[in-house]
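The values are calculated or read from the model by the stated rules, or taken from the named source; none is laboratory data. Being a predicted model, the structure only gives us computed values, none of them experimental. Neighbour counts run over all protein chains shown; Cβ positions are idealised from the backbone, glycine included.
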Ligand code: RP5
């Protein structure tokens, strides 16, 4: 099936963090594509990727980057699609640099920023975005949420065994 979500990252070194987004999408059987697109090292590729994403059928983009993490914001400026930013933690500053680079977007150019290293939530948020117009996916998400509730109830009960 043609990909509905694009997962991009500034470097292949971001993959250990970003893989969780791919796993979440796979869990919900949402077709996705993965690629390295750098805002600084492959500027033209980034522009092309973002400008063609909607026409290629993507419905959301998950973009992860670390340090001076400009990729999510630049892509959001170039596409009308929803962009979810993942701050990738690097060796220095514990990912605070990545978070602040991604979250402080100017009015008019939103990036839905998840927590530092929060790629799983980025994948789940992409599922919810698609689910707004897809009842089957929305039901899957509701079941997933019910599963979380059940899990917590079981752990709660186990505390008292
Ligand atoms: C960022 O620079 C990338 O997203 C990555 O988090 C960071 C380091 O990249 P590498 O030097 O590991 O390629 O643009």
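Taking the stated definitions as given, is residue 89 closer than 25 Å to residue 128 by Cβ, near the ligand (Cβ under 10 Å from one of its atoms), surrounded by fewer than 21 Cβ atoms within 10 Å (Cβ to Cβ) and at pLDDT 95 or above? Judged against the criteria, residue 89 is a match. Against the criterion of being modelled with pLDDT of 95 or more and touching a helix residue (DSSP H, G or I) at 6+ places or on another chain (Cβ under 6 Å), residue 103 does not qualify. As a summary of the residue check, residue 80 satisfies the conditions (1) closer than 23 Å to residue 144 by Cβ; (2) away from the ligand (no atom under 15 Å from the Cβ); (3) touching a residue at least 12 places away in the same chain (Cβ under 8 Å) except for the one numbered (1). Taking first residues from region 5-20 that are within 12 Å of residue 37 (Cβ to Cβ) and partners that are away from the ligand (no atom under 13 Å from the Cβ) and assigned to a helix (DSSP H, G or I), the Cβ contacts under 7 Å between residues at least 6 apart in sequence or on separate chains come to 6/53; 7/21; 7/22; 8/49. The C-beta contact set for region 24-43 (first residue under 27 Å from residue 136 (Cβ atoms), second residue in a loop (DSSP other than H, G, I, E, B) and at pLDDT below 95, distance under 7 angstrom, 6+ apart or interchain) comprises 31/1. If you go through region 1-26 and keep only what is part of a strand (DSSP E or B) and within 16 Å of the ligand (Cβ to nearest atom), you end up with 6, 7, 8, 9.
For the subset of region 129-142 comprising residues that are crowded, with 16+ Cβ neighbours inside 10 Å and free of Cβ contacts under 8 Å to residues at least 40 places away in the same chain, which member is farthest from residue 14 (Cα to Cα)? Applying the filter and picking the extreme gives 134.
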